[in-house]
Amino acid sequence: MRTSRLYTLVLVLQPQRVLLGMKKRGFGMGRWNGFGGKVQEGETIEDGARRELQEESGLTAEVLYKVGHIVFEFVGAPELMDVHIFYTDSVQGTPMESDEMRPQWFHQDQIPFHDMWPDDSYWFPLLLQRKKFCGYFKFQDQDTILDYSLREVDQI
């Protein structure tokens, strides 16, 4: 059985718009995404989510709502990615570009799915409706989904 590593993803949602970041380096470079990353040792998942949001966008959020949990498998990778997805609708600060991300607001009907991870188009509609979900996506490479499951749930 493969080991897994904890990750977070935070989406900032406001009426009719969502804040995404263009990944400037590392895994996922060149794609729009939420803000997140690895949970550090000794850190709760929610604390990791808050830290990553602040480091990557300059924003702080008092309240995070856990909305999703997705496990990602990449063929040939030694670890599964165990991703906990949150949203916030109230942030403090102004979005600022970081070494890793360039934030930009998108109207909810103009989300750039063609420049995002292929799985995003499956679960993003649930997120935008504030519905909770669990899923699994198996990728051949960063562009090809081999298999997936996704379901709406009552609680995460």
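Side notes on the structure shown:
- Counting 0.36 nm for each residue step from ILE45 to GLU79 and taking away their Cα separation leaves a gain of 10.5 nm.
- Each of GLN108 and GLU62 was given a label point 7 Å from its Cα along the Cα-to-Cβ line. The distance between the two points is 2.4 nm.
- Average accessible surface area per residue within segment 75-124, 1.4 Å rolling probe, Å²: 52 Å²
- Debye log10 I(q)/I(0) at q = 0.08 Å⁻¹ for the chain, Cα point scatterers: -0.20
- Sequence-distant lysines (8 or more away, or on other chains) whose Cα lies within less than 25 Å of LYS23: LYS38, LYS66, LYS138
- Scanning the chain for GluC sites (Glu not before Pro) in DSSP loops with at most 13 neighbouring Cβ atoms within 10 Å leaves 63-156 as the longest stretch between them.
- Selection of trypsin sites (Lys or Arg not before Pro), segment 96-156, meeting DSSP coil and at most 11 other Cβ within 10 Å: ARG130
- Average Cα contact separation per residue, the chain, under 8 Å, 6 or more apart, as relative contact order %: 27 percent
- The accessible-area ordering, largest first, of the residues ASP47, ASP82, ASP154 stands as ASP154, ASP47, ASP82, per a 1.4 angstrom probe.
- In segment 1-110, the trypsin sites (Lys or Arg not before Pro) that fall in loop regions by DSSP, at most 10 other Cβ within 10 Å: ARG2, ARG25
- Using heavy atoms of the protein chains and a probe of 1.4 Å, the accessible area assigned to HIS114 is about 150 Å².
- On segment 87-127, 46 percent of the accessible area sits on carbon and sulfur atoms, based on a 1.4 Å probe.
- Rounded FRET efficiency, nearest 0.05, which uses the C-beta distance separating GLN155 from SER121 and R0 of 41 Å: 0.95
The values are calculated or read from the model by the stated rules, or taken from the named source; none is laboratory data. A quick note: this is a predicted structure, and the numbers were derived from the prediction, not measured. Virtual Cβ from ideal backbone geometry, glycine too; neighbours counted across all protein chains shown. We work out accessible area using only protein heavy atoms, side chains counted, and drop any ligands, DNA or RNA first. Shrake-Rupley method; radii C 1.70, N 1.55, O 1.52, S 1.80 Å.
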